[in-house]
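This report concerns only the one structure given below.
Computed from the coordinates by the stated procedures, all read-outs in this text should not be read as laboratory data. Keep in mind the model is a prediction, meaning the values are calculated, not measured. Methodologically, a virtual Cβ is constructed for each residue, glycine included, from the backbone with ideal geometry; neighbour enumeration extends over all protein chains shown.
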Amino acid sequence: MKTQQAIRKALGAWPGFPDLVVIAEGRLMLMEVKSATGRLSEAQEAFRDLMLGQGVPWALVRSVDDALGALRDHGFKLNIRGGA
C-alpha cells in the first residue's frame with residue numbers, strides 16, 4: 001500500500017482523490033468506493049469537502065446500486081441493459 005501511495009504521489013496524484021470519475025454529456029461526478037464498513041480517510045474527507053464546496057457532485061458508494069442511484073440523483077441518464 002505504501003508503495004502504491006508513493007507511486008501516486010510521484011505521478012502528481014492529489015491525496016484523497018476519488019476512485020471513480022464519471023464524465024458524460026458534459027457532466028462530471030466523483031465517487032469514492034468503500035466497503036459496507038469502510039470509512040473515509042482525512043484526506044478523502046478534505047477532498048470531498050473541497051469538491052462539494054465548489055459544486056462538484058461527489059458521492060460515497062458501497063455498491064453498484066449506490067453508484068447508479070448517485071448518478072440518477074445527479075441527473076445522469078442511464079441506459080442499462082439486462083445481463084447474461
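For the chain, averaging the sequence separation of C-alpha pairs within contact (under 8 Å, six or more residues apart) and dividing by the residue count gives a relative contact order of 25 percent. Around the Cα centre of the chain, unit charges on the Cβ atoms of Lys, Arg, Asp and Glu (plus for the first two, minus for the last two) sum to a dipole of about 220 debye. Modelled label positions at HIS74 and LEU20, each set 7 Å beyond Cα in the direction of Cβ, lie 1.0 nm from each other.
Between the amide H of TRP58 and those of LEU30, distances stay under 5 Å, these residues lying 5 or more places away or on another chain, with hydrogens modeled in the peptide plane. One entry in [x] 111; [y] 73; [z] 145 is volume of the Cα convex hull per residue in Å³ calculated from the shown coordinates; its label is [z]. Take 44-50, 11-17 and order them by the average number of nearby Cβ atoms within 10 Å per residue, most first; the result is 44-50, 11-17.
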